[in-house]
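The values are calculated or read from the model by the stated rules, or taken from the named source; none is laboratory data. Note that the structure is a prediction, hence the values are computed from the model and not measured. All Cβ positions, even for glycine, are placed from backbone atoms using ideal geometry, and neighbour counts span all protein chains on display. Heavy atoms of the whole protein, side chains included, go into the accessibility calculation; ligands, DNA and RNA do not. Shrake-Rupley method; radii C 1.70, N 1.55, O 1.52, S 1.80 Å.
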Amino acid sequence: MKPPFTFRRILYSFPIILYPFLVNLTEFLAKTEPNLQKVILAFAESAKQIDSEIRTHSTDKAGTKNEFGEEQLALDVAADKIIFAELEKSGVVATAASEEQSEEKALNPDGEFSTACDPLDGSSLVDVNLAVGTIFGIWKSKKLIGETGRGLVAAGYAVYGPRTTFIIAIDSAPAEFTLQENGEWKLTIEKMEIGEGKMFSPGNLRACAENKEYLALLDFWAENGYQLRYSGGMVPDIHQILVKGKGIFSYPGSESCPAKLRLVYECAPLAYLVEHAGGASSDLEKSILDQEIQSLEQRTVVALGSQEEVERFEKFLTV
Ligand code: AHG
Ligand code: MN
Ligand code: MN
């Protein structure tokens, strides 16, 4: 079933002269509880600053490694600093965690939210000028350990590509905002919905050498006329599924090429967005949203996409 496209793409249905009258992010959030608004606006403001850093900052290594032993770029560190400064300024965040830091950071003891983020997902794609993103999740709790993705009160991401966009779901279908020259975020897609369609975004293909079930699924996609859409960045790959309203992103593992994507920073927030768009998520046993956060370093097998495609992923890979 194809998702309904009527009224989804607001920006394109308006003549350019009417853009100033489109809803902006602050207006869109008017009915959201005020403190949650502050957290969301802190991430939106960070995205603007990160966008500007990406345009001009060097793509050199920072000379440091993150908790996962991955080399940090100067840009990873800059994006992380921007987000922590904005979250602190919001005054309502108790605890914040980031892929670039080893521990949760206590921000405001009276804060009622905890947040997790990947400040710059796909940062190694910046030097080749491919799209990258920022991912975030917001829980109404003082800490993250023991929570699951079901406890998220909102999640979102920003995509830094030819356009800069900010996507947010607050217990409803995700909406897309596009950054305008005057710094405003204008609503460009009101409601993103995922239906069925033949598109695949296959992460970790190296695993196929050992993971013959994944190889069989790859054959299925190839033999059945699926469209390959893989950018190397999880954010634009998921954004494609949400905008086109179809498809699947997968990142399973094998013995020598284990699943590397992280539950709290990447998978849980994106699963929240995909499930709120009518899609599904899986770690091969259950929805990603039902996986308990036991440590901030937790990695997971992940499939995100339409209901039928995620079911097919489970069927092929469960032996
Ligand atoms: P990060 O840059 O935050 O470390 O993560 C990048 C992720 C994700 O965006 C992408 O889907 C995946 O890494 C690609 O993995 P491979 O490099 O293993 O192909
Ligand atoms: Mn990442
Ligand atoms: Mn990152």
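Right, TYR265: within 16 Å of ligand 3 (Cβ to nearest atom) and either closer than 19 Å to GLY161 by Cβ or surrounded by 20 or more Cβ atoms within 10 Å (Cβ to Cβ) (or both) or not?
yes
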Checklist entry - Here are some residues: ALA158, ALA173, ALA131. Which one is open to solvent by 10 Å² or more (accessible area, probe 1.4 Å), within 15 Å of ligand 1 (Cβ to nearest atom) and modelled with pLDDT of 95 or more? => result ALA131
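Pick out the one residue from ALA79, ALA42, ALA47, ALA97 that is under 26 Å from LYS140 (Cα atoms), within 16 Å of ligand 1 (Cβ to nearest atom), in contact with a Leu (Cβ under 7 Å, 6 or more places away or on another chain) and not in a strand (DSSP E or B).
ALA79
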Checklist entry - Looking at CYS208, is it away from ligand 3 (no atom under 16 Å from the Cβ) and assigned to a loop (DSSP other than H, G, I, E, B)? => result no
Checklist entry - Which ones in the stretch 211-243 are outside any helix (DSSP H, G or I) and either open to solvent by less than 50 Å² (accessible area, probe 1.4 Å) or not basic (Lys, Arg) (or both)? => result ASN211, ASN224, GLY225, TYR226, GLN227, LEU228, TYR230, SER231, GLY232, GLY233
Checklist outcome for this item: Checked the stretch 244-262 for anything open to solvent by less than 10 Å² (accessible area, probe 1.4 Å), more than 12 Å from ligand 1 (Cβ to nearest atom), in a loop (DSSP other than H, G, I, E, B) and in contact with a strand residue (DSSP E or B) (Cβ under 8 Å, 6 or more places away or on another chain); matches are GLY247
Checklist outcome for this item: Among the residues of the stretch 117-160, the number that are outside any helix (DSSP H, G or I) and either of a type in the set (D, E, K, R) or within 16 Å of ligand 2 (Cβ to nearest atom) (or both) is 26
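Residues checked against (1) within 27 Å of ARG299 (Cβ to Cβ); (2) polar (S, T, N, Q):
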| residue | (1), (2) |
| --- | --- |
| GLU184 | no, no |
| SER201 | yes, yes |
| ALA259 | yes, no |
| VAL264 | yes, no |
| TYR272 | yes, no |
Checklist entry - Has the stretch 270-278 got at least one residue that is outside the structural domain of GLY161 (by TED's automatic domain parsing) and within 16 Å of ligand 3 (Cβ to nearest atom)? => result yes
